[in-house]
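See below for the structure under consideration.
No value in this document is a laboratory result; all are computed from the given coordinates. What you see is a predicted model, and the numbers here were worked out from it, not measured in a lab. Cβ: placed from backbone, ideal geometry, glycine included. Neighbour counts: every protein chain shown.
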Amino acid sequence: MGKNIFFERKGPFLLNDLFINLKLKKKIKIFDIRNLESATKDDLTFLDSIDYINFAKTTRAKYCLTTIKLKDYLPKNCEAVLVQNVLFDLCKVTRKFYPNADIDTPDISLKNPKKASYPNVKFGNNVLVGKNCKIGSNTIIGSNTIIEHNVSIGDDCTIGSQAVIRNTLIGNNVFIQDGCKIGLKGFGFIPLKGKNLRFPHIGKVIIKNNVEIGANCTIDRGSINNTVIGENTFLDNQVHVAHNIKIGSDCMIAGQVGFAGSSIIGDSVSIGGQAGVSGHLKIGNNVKIGGGSGVVKDVKDGTAVMGYPAVSLKNFIKNSKK
């Protein structure tokens, strides 16, 4: 089981203690909460939508939070833990394992970086760096930027001024322009009367090599999964990337595009300015999305779409002539 370097994990917990209505005869220890793909036999996983049944078929987890309608999609080696609302119970369990991940508490370990610790890095004025950060050679960090604990930044990177980076792993030759906020918690909560239940975000942001992030972009860390920006992908200014988004390589994303959570964007995708992509969608490879479009369903490889809701470019042009 991989260690979460950004958030302290409590436990292990007995499955009976997590779900007191189970009444199991065995005392089953659960060490972590993970998604279907990465869970091991010692983890609790979850299945909340038919969209993820292919991952469910191959999960290694022995216990899975799910509903009675979805339980038959689990393999024989995985026992269903039946609940009414998967995300509600997932939230409660995750809060037990990671009690400090539901609110972004400011990093109090921040200090001015010592030259001896980062001999090959150039820092602007008033830069603050947390504990256990790794910053590669020939990297430049602009003034008034904050790099929080355990963040890793590769070689030959340029981080602009007034950026905040937490819970993030950054590759080599990455350019992050002024004012970006990367690795903060996403917009996740369970609506309750009187007081909403905040969903802990225990994932991280992974930015791969040769990426450029424009000014004032916001990239949320994952909730359970990670948020990933693929190699050689460029984001224009003021792009918002929500939790669990995965953007492939060689993508071009124009200004003010917004991605809702948990969508997967393929390779070589181009998206025009002010377009929006709804959550839990799959956008294929070599897709083109016109500016101002609203994408509300999956888009197949090699397709060009435009409009709201987005339709094929051919149909959009045909309809606009009517």
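Things worth noting here:
- Filtered by the rule that a residue be assigned to a strand (DSSP E or B) and aliphatic (A, V, I, L, M), the stretch 103-158 gives VAL121, LEU128, VAL129, ILE135, ILE140, ILE141, ILE146, ILE147, ILE153.
- Candidate set from the stretch 258-287 (those that are part of a strand (DSSP E or B) and among the β-branched types (Val, Ile, Thr)); member that is nearest to the chain's Cα centre (by Cα): ILE264
- Qualifying residue in the stretch 16-26 (condition: assigned to a loop (DSSP other than H, G, I, E, B), within 25 Å of LEU184 (Cα to Cα) and out of contact with any Ser or Thr (no Cβ under 7 Å at 6 or more places or on another chain)): no
- Within the stretch 1-42, the set of residues being crowded, with 18+ Cβ neighbours inside 10 Å and of a type in the set (A, V, I, L, M) comprises LEU15, LEU18, ILE28, ILE30, ILE33, LEU36, ALA39.
- Given (1) out of contact with any helix residue (DSSP H, G or I) (no Cβ under 8 Å at 6 or more places or on another chain); (2) over 20 Å from ARG221 (Cβ atoms); (3) in contact (Cβ under 8 Å) with a residue 60 or more places away in the chain, number of the condition GLY11 does not satisfy: (1)
- The residue that is farthest from the chain's Cα centre (by Cα), counting only those in the stretch 1-47 that are under 18 Å from ASP89 (Cβ atoms) and among the acidic types (Asp, Glu), is ASP17.
- Close pairs (9 angstrom Cβ cut-off, 6 or more residues apart or separate chains): within 14 Å of PRO106 (Cβ to Cβ) and touching a residue at least 60 places away in the same chain (Cβ under 8 Å) in the stretch 122-151, of a type outside the set (Gly, Ala, Ser) and not in a loop (DSSP other than H, G, I, E, B) anywhere: HIS149/VAL129
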